[in-house]
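Throughout, read-outs are computed from the coordinates displayed, never taken from laboratory work. Not measured: the values here are computed from a predicted model. All Cβ positions, glycine included, derive from the backbone under ideal geometry; neighbour counts span all protein chains shown.
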Amino acid sequence: MRILVVEDEKEIAEGLQEVLYRAGYESDAVYDGNSGLDYIRTGIYDLVLLDIMLPGMNGFDVLKTVKGEGIKTPIIILTARSMVDDKIAGFDHGADDYLTKPFDSRELLARIKARLRNTGDQSGDQNGHSLSAYDIELDQSTYKLSHGEKSVKLSGKEFQFMEYLMLNKGIILSHDTIASKIWGIDDESDYNSIAVYVSFLRKKLKFIGSEAAIVTKKDIGYSLEENDGKKHS
């Protein structure tokens, strides 16, 4: 299990990582909201510990953005702010749990275990199907993209995009078609969003070690193909 710590105070972040290490978890730490959002979007984490008072983008904004993009990774808020309004705001934005500093490490670990257990139970209750293309498999109930023993979670929009590419593997999909099918729009000004999500998905294919590639067809669109060893930018 891999956990992301988003905490601006490095000493606290390092202390949390030590607690997680002793409990058998792998972890990474970042120290501002924008970096936290970027790391969460990779989909490689099973849970996030998110501070609210962060430089740049605050924790509430990170949380709102993450949940708005359909990312299902459980998030536990950690903050020194104990006001009821803050807790309500956190839950309203999609937080899965809330801990007020200072807290006992045993309580933190208990809450982490509960969140991970609940996530596993929810995944197991869904009767979805898997979609395969080339050397990758997409679980349509858990949003996990897999290659062999390695897998990564996709956000809601990433899942829709990858599913569409896999269903049409080897076929060139135009920008217009993708924009209409995945975003429900037909506006060239939003084509940049397509490029951004192509970048996200390419990174995740690389992370799981897949040979499948999202190939750019200049001035046309994209297609999912078997990797020919060339760089597809």
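Quick one: grab the alpha carbon gyration tensor of the chain, order the square roots of its eigenvalues as a ≥ b ≥ c, and give me rounded if a/c is under 1.5, else prolate or oblate depending on whether a/b is larger than b/c.
prolate
Taking just the C-alpha trace of the range 130-226, give me its Rg and Dmax in Å.
Cα only, the range 130-226: 12.6, 39 Å (Rg, Dmax).
From the phi of every residue in the range 3-18, what ³J(HN,Hα) in whole Hz does the Karplus formula 6.51 cos²θ - 1.76 cosθ + 1.60 yield, where θ is phi - 60° and glycine or proline is x?
So the Karplus estimates, Gly and Pro as x, are 10, 9, 9, 10, 8, 6, 8, 4, 5, 5, 4, 5, x, 5, 5, 5 Hz.
Give me the distance between the Cα centres of the range 26-44 and the range 51-120, rounded to whole Å.
Each part's Cα centre sits 14 Å from the other's.
Can you give me the distance in nm between label points at Glu107 and Thr65, each placed 7 Å from the Cα along the Cα-to-Cβ direction?
Rounded to a tenth, the inter-label distance reads 3.0 nm.
Under 5 Å between amide hydrogens, which residues at least 5 positions from Ala29 or on another chain qualify, with H placed 1.01 Å from N in the peptide plane?
Result for Ala29 returns Val5.
Work out from phi, with θ = phi - 60° and the Karplus expression 6.51 cos²θ - 1.76 cosθ + 1.60, the ³J(HN,Hα) of each residue of the range 195-209, listed in order in whole Hz, and give x for Gly and Pro.
4, 4, 6, 4, 4, 4, 5, 4, 5, 6, 4, 5, 4, 8, x
Evaluate the relative contact order of the chain (contact order divided by residue number), counting alpha-carbon pairs under 8 angstrom at least 6 apart; express in whole percent. Numbers along the way, then the final one.
Working: 371 pairs, mean separation 32.6, N = 233.
It rounds to 14 percent for the chain.
What's the center-to-center distance, using Cα atoms, between the range 129-184 and the range 1-22 in Å?
The two parts, judged by their Cα centres, are 32 Å apart.
Hey, with R₀ at 22 Å, roughly what FRET efficiency would Lys217 and Asn192 work out to, going by the Cβ-Cβ distance, to 0.05? Each step should come with its number before you reach the end.
Numbers: r = 17 Å, r/R0 = 0.77.
So, using R0 = 22 Å, E works out to roughly 0.85.
Distance cut-off 27 Å, Cα to Cα: go down the list Lys72/Lys217; Lys72/Lys204; Lys181/Lys203; Lys67/Lys101; Lys101/Lys153; Lys10/Lys87 and report the pairs above it.
Values: Lys72/Lys217 31 Å; Lys72/Lys204 16 Å; Lys181/Lys203 22 Å; Lys67/Lys101 24 Å; Lys101/Lys153 29 Å; Lys10/Lys87 24 Å.
Over 27 Å Cα-Cα: Lys72/Lys217; Lys101/Lys153.
Over the range 2-125, what is the relative contact order in percent, taking alpha-carbon pairs closer than 8 angstrom and at least six residues apart?
It rounds to 22 percent for the range 2-125.
Using the basic label-point model (7 angstrom from Cα toward the beta carbon), what is the Lys206 to Asp85 distance in nanometres?
A separation of 4.4 nm, rounded to one decimal place.
Would you kindly derive the ³J(HN,Hα) couplings of the range 171-183 from the backbone phi angles with the Karplus curve 6.51 cos²θ - 1.76 cosθ + 1.60 (θ = phi - 60°), listing them in order in whole Hz, with x for Gly and Pro?
Result, ordered by residue: 9, 6, 9, 6, 4, 4, 4, 5, 4, 5, 6, 8, 9 Hz.
Over 5 Å intervals from 0, what percent of Cα-Cα pairs in the range 2-125 sits in each interval?
Per 5 Å bin, starting at zero, the Cα-Cα P(r) for the range 2-125 comes out as 2, 11, 24, 27, 22, 11, 3, 0 percent.
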